[in-house]
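The block underneath contains the structure these notes are about, expressed in structure tokens.
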Amino acid sequence: MAAAGEVKLLYRALLKEGNKYGNYNFKEYVLRRVKEKFAEGRTLTGPDAVAALEQGKKEYEMVKRQADVSRMFTGMPSIMQKK
């Protein structure tokens, strides 16, 4: 069974990496999807929870790579990003 602490760490790490996107739309999409997926997975138990945690770790690595690429090739800031 997936430990609650490990799930919480993954959730925080995904939110942190999601906030690193350079593009506002991508950032908001990633944050929304992370929250939705964790809300769906809240009721999982046993092997399903372990499989979901492993999938989440793979997606974390993908989000991390995409955030790095996004920061390398930033365009003009959107009107939503201006302060």
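Would you mind working out the accessible area per residue for the chain, using a 1.4 Å probe, and quoting it in Å²?
Accessible area per residue, the chain: 76 Å².
Please report, in debye to the nearest 20, how large the charge dipole of the chain is about its Cα centre when each Lys and Arg carries +1 at its beta carbon and each Asp and Glu carries -1 there.
The calculation lands at about 460 debye.
With all protein chains present and a 1.4 Å probe, how do L14, L9, L44 order by accessible area, largest first?
Greatest to least solvent exposure: L9, L44, L14.
To the nearest 0.05, how large is the calculated FRET efficiency for V50 and F26 if R₀ is 30 Å and r is the Cβ-Cβ distance?
With R0 = 30 Å, the Cβ-Cβ based efficiency is 0.55.
Suppose accessible area is computed on protein heavy atoms with a 1.4 Å probe; arrange K16, K35, K57 from highest to lowest.
K16, K35, K57
Can you give me the % of accessible surface on the chain that is carbon or sulfur? Probe 1.4 Å, all protein chains present, nothing else counted.
Answer for the chain: carbon and sulfur cover 58 percent of the accessible area.
The values are calculated or read from the model by the stated rules, or taken from the named source; none is laboratory data. Just so we're clear, the structure is a prediction, and the values are computed from it rather than from any experiment. Every residue, glycine as well, gets a Cβ built from its backbone with ideal geometry; the counts of neighbours run over all protein chains shown. For the accessible areas, the whole protein counts, side chains as well, though only heavy atoms, and no ligand, DNA or RNA atoms are used. Shrake-Rupley method; radii C 1.70, N 1.55, O 1.52, S 1.80 Å.
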